[in-house]
1. Among the residues of region A:77-124, what is the count of those that are within 8 Å of another protein chain (Cβ to nearest Cβ), aliphatic (A, V, I, L, M) and over 30 Å from B:GLU186 (Cα atoms)?
2. Would you list the helices (runs of 4 or more DSSP H) that sit entirely within region B:187-296 and hold 3 or more residues that are in contact (Cβ under 8 Å) with a residue 12 or more places away in the chain and of a type in the set (D, E, K, R)?
3. Can you tell me which residue among B:VAL163, B:VAL120 is of a type in the set (Val, Ile, Thr), buried (at least 22 other Cβ atoms within 10 Å of the Cβ), in a loop (DSSP other than H, G, I, E, B) and more than 17 Å from the chain's Cα centre (by Cα)?
4. Looking at B:PRO80, B:PRO122, B:PRO87, which one is within 8 Å of another protein chain (Cβ to nearest Cβ) and closer than 17 Å to B:ALA237 by Cβ?
5. For region B:307-326, enumerate the residues that are in contact with a strand residue (DSSP E or B) (Cβ under 6 Å, 6 or more places away or on another chain) and at pLDDT below 90.
6. I'm trying to understand the selection: among the residues of region B:307-328, which are more than 14 Å from B:LEU346 (Cα to Cα) and under 30 Å from the mean Cα position of the chain (by Cα)?
7. If you take the residues in region A:94-109 that are over 22 Å from the mean Cα position of the chain (by Cα) and of a type outside the set (A, V, I, L, M, F, W, C), which one is farthest from A:ILE66 (Cα to Cα)?
8. Across region B:377-409, which residue is farthest from B:THR198 (Cα to Cα) among those that are in contact with an Asp or Glu (Cβ under 6 Å, 6 or more places away or on another chain) and not aliphatic (A, V, I, L, M)?
Amino acid sequence: MNALMRCFAVAALFVNLLPLAAAESMQTPAKPSQTTLEVLNPMGVIEPPATLGLSPRVSNLAGIKIALMHNNKPGASNLLDVLQDLLKKKYPDQSYARGYQTQPVQPPKDPEMYKKAAAECRAFIFAMGD
Amino acid sequence: MQMEKLGVPGVLLVSSQFLNDAKSAAGDWAMPGIRIVTIPSEKWYRFRGTVEQVRPLAEAALEPIIKALTTPLTPQEAKPRQQTSQPLLPIKVTDVDYGDALERLNELLLKNHMADGLPVVPATRKAVDAMLKGTTRSRDEVIGKVPMKFGIATVEKIAINSVMAGAKPEYFPVILAAMEAFCAGEFWHMMGSSGSFTLIIMVNGPIAKEIDMNSGIGFLGDCWRANSTIGRSIRLATRNIGHTWPAENDMGLVGRPSPNTFFTFAENEDMNPWEPYHVSVGFRKEDSTVTVTKVGSYIGASGQKVGGGAVATWSAQSILDGMAQYTTSKVGGYYTWFHPEGAQALIDAGFKQRSDIQSWFAKKTGGSPKNISVAVTGGVPGYSMIWGYELNAHVTKKISGATLTKAGR
């Protein structure tokens with residue numbers, strides 16, 4: 001990477017950078033009559049956590065218990081009511097756990113909630129009311 | 001994500017408008033590949049209110065949900081590539097003269113989500129070094145991590161954003177203390193919430209006068225450089241260090257009130273008949289402090305004006321009653337701001353101590369007196385105001401390390 005490009009490697013981790021902006025940043029070297037501004041990067045360094053993979057999927061939804069969870073935002077429970085109804089018609093021997101929910105934009109009141117849900121259920125559907 | 005981490009496969013249902021936000025948050029919490037099914041936003045918010053209305057949306061989502069739960073993982077989903085940190089190198093622009101270079105810089109910063117929509121001051125190395133001269137603190141000292149993406153707020157990173165905001169080096173210790181409050185682990189920021197919450201930044205103590213902060217008429221307004229640029233520094237620092245952007249991972253639907261500078265001012269201690277606010281929460285009168293509070297926007301107790309200002313007549317009781325109509329929660333806190341005449345009228349009416357005010361409101365709310373914060377703001381004439389806040393979103397920090405002011409050292 002040459003010096004000019006290095007100066008211009010505007011970086012951001014996960015926020016989308018616009019290609020247009022990146023393209024604009026590649027300029028020809030300054031002529032004597034031109035003005036150059038070099039500024040420090042205002043973005044914060046992020047230390048990404050160890051990236052985790054997903055859990056293996058279930059091979060079949062028949063006969064399993066599913067946690068129907070939500071974040072207590074309006075409508076989420078209604079959506080899960082219908083989904084439960086639809087799933088039950090498709091998989092009559094399925095069962096459901098409905099008591100697991102977070103507070104709106106806050107963690108669940110019960111800090112053990114996820115552990116309890118994980119112990120009870122083979123899969124989960126989490127409806128965000130947002 | 002917690003369930004996936006515990007070995008249970010699942011699917012997240014979000015409205016389509018929140019898809020980017022959900023993906024962003026999934027990456028923040030180490031699981032960028034979580035499976036998501038979207039519900040069309042244009043229908044979800046209209047039809048979520050009843051089971052009957054939401055049924056077609058659930059029917060449309062059913063097969064994608066089943067697929068998300070049963071389709072075997074791809075190798076990338078099972079073992080995703082580790083997210084990596086990228087170097088954040090200087091930014092350089094060149095143009096025919098300074099004005100054009102500055103314009104080019106501003107365009108570039110905004111396109112790359114590093115600005116706030118107003119032109120910024122170039123954070124050159126020289127300007128940043130000058131800003132750092134306002135504090136004794138090391139440029140590498142970590143103040144905290146800034147949500148939404150928990151970027152590391154070093155003193156230097158905050159200085160860069162403060163230069164961009166147009167702040168003077170003598171303001172910098174105030175900005176650092178405010179960032180300490182914002183980054184405090186206990187501070188519930190909600191700067192990504194659709195509720196469009198915003199921040200109040202109130203400065204107390206002798207530093208406020210030294211840096212010429214407005215505490216009188218127009219205290220929430222513009223035209224005072226310290227008020228405007230301290231607030232803007234916090235705004236830019238939270239955006240840039242925390243990597244947040246509207247409609248991506250900041251879902252404030254109507255925008256945050258006073259969006260570029262938050263509400264930044266000094267308590268009017270000269271006209272406060274009680275002790276200054278910071279003394280009421282345990283600091284010494286000669287200390288300088290900054291109190292950062294997250295408050296709601298455009299609804300209920302979110303800056304309601306009470307009293308008559310220059311227009312109508314009022315009494316101590318009418319002010320209290322006017323505020324009390326918004327004190328609907330007994331679990332939250334209330335930030336009560338009395339205009340100087342209102343405060344004096346309350347003294348005359350028998351509220352000799354700040355605690356008398358707190359007790360009066362506590363009886364109204366059924367909550368604790370300590371959850372009522374009392375400050376004196378504005379000039380003569382003025383309005384009293386009331387704001388609601390969560391108890392974990394109201395933090396006061398002492399200003400320290402100042403080099404260019406007598407206070408805050």
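The values are calculated or read from the model by the stated rules, or taken from the named source; none is laboratory data. Since the structure is predicted, the reported quantities are computational estimates derived from the model, not experimental observations. Using ideal geometry, Cβ is built from the backbone for each residue, glycine included, and neighbour counts are taken over all protein chains shown.
1. 6
2. B:225-242
3. B:VAL120
4. B:PRO122
5. The one that is in contact with a strand residue (DSSP E or B) (Cβ under 6 Å, 6 or more places away or on another chain) and at pLDDT below 90: B:GLY307.
6. B:GLY308, B:GLY309, B:ALA324, B:GLN325, B:TYR326, B:THR327, B:THR328
7. Residue satisfying both the conditions and the ranking: A:GLY99.
8. Within region B:377-409, the match that is farthest from B:THR198 (Cα to Cα) is B:THR405.
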